[in-house]
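Following: one structure in structure tokens, then a few remarks.
The values are calculated or read from the model by the stated rules, or taken from the named source; none is laboratory data. Source: prediction; values computed, not measured. Using ideal geometry, Cβ is built from the backbone for each residue, glycine included, and neighbour counts are taken over all protein chains shown. Ligands, DNA and RNA are excluded from the accessible area calculation, which covers all protein heavy atoms including side chains. Shrake-Rupley method; radii C 1.70, N 1.55, O 1.52, S 1.80 Å.
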Amino acid sequence: MAAYTSGNYAAALREFLPLARNGDAKAQFTLGVMYEYGQGVPQDYKEAVRWYRKAANQGLAKAQFNLGVAYHNGRGVPKDYKEAVRWYRKAANQGLAKAQFNLGVAYHNGRGVPKDYKEAVRWYRKAA
């Protein structure tokens, strides 16, 4: 992480890649971020989603949230609000405030779920 936070992405990639390949969810998540933003690697949304999905399937809330955002925006995957909500919910149920807020927005706007202001408020309160 020291290499990553200092912007030495080449060194970070050398460290994270073997860990990620061996199933380390935090390393997989970080590789997803690196591919999403083109940090030391070419920007590649599909590759970012691939790494986020590996970490998300292991229960890492930040990866679940980022996967939800990918589906919401259609970056690396087809735009799919229902799938975005599914991943937001997984992260929200682990207490991730950003995901709780995004669920509130989904219910408020009726994207991926039926419009339901009471449910939106419930998620907004959890996020707050």
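Cβ-Cβ distances below 6 Å connect the following pairs, each with a first residue in segment 36-53 that is in contact (Cβ under 8 Å) with a residue 12 or more places away in the chain, a second residue that is assigned to a loop (DSSP other than H, G, I, E, B), and a separation of six or more residues or different chains: Tyr45/Arg75; Tyr45/Gly76; Lys46/Gly76; Ala48/Gly76; Val49/Gly76; Val49/Val77.
Inside segment 98-118, can you point out the residues that are within 15 Å of Gln64 (Cβ to Cβ), over 13 Å from the mean Cα position of the chain (by Cα) and open to solvent by 30 Å² or more (accessible area, probe 1.4 Å)? Hit for segment 98-118 is Phe101, nothing else. Of the residues making up segment 1-14, those that are farther than 27 Å from Tyr88 by Cα and assigned to a helix (DSSP H, G or I) are Ala2, Ala3, Tyr9, Ala10, Ala11, Ala12, Leu13, Arg14. Restricting segment 52-64 to residues that are surrounded by 21 or more Cβ atoms within 10 Å (Cβ to Cβ) and under 10 Å from the mean Cα position of the chain (by Cα), the residue that is nearest to Tyr81 (Cα to Cα) is Gln64. Looking only at segment 15-39, residues that are in contact with a helix residue (DSSP H, G or I) (Cβ under 8 Å, 6 or more places away or on another chain) and either at pLDDT below 95 or in a helix (DSSP H, G or I) (or both) come to 17 in all. Of everything listed in (1) out of contact with any His (no Cβ under 7 Å at 6 or more places or on another chain); (2) surrounded by 22 or more Cβ atoms within 10 Å (Cβ to Cβ), the single unmet condition for Asn93 is (2).
Determine whether Tyr9 is under 23 Å from Arg75 (Cα atoms), open to solvent by 30 Å² or more (accessible area, probe 1.4 Å) and free of Cβ contacts under 8 Å to residues at least 24 places away in the same chain. So Tyr9 fails the test. Among residues that are polar (S, T, N, Q) and without any contact (Cβ under 8 Å) to a residue 12 or more places away in the chain, Asn22 is included. From the list Lys79, Lys46, the one residue that fits, being assigned to a helix (DSSP H, G or I) and open to solvent by 30 Å² or more (accessible area, probe 1.4 Å), is Lys46.
Residues in segment 12-43 that are open to solvent by 70 Å² or more (accessible area, probe 1.4 Å) and aromatic (Phe, Trp, Tyr): Tyr37 only.
Considering segment 65-76, the residues that are assigned to a helix (DSSP H, G or I) and open to solvent by less than 60 Å² (accessible area, probe 1.4 Å) include one that is farthest from Ala48 (Cα to Cα), namely His72.
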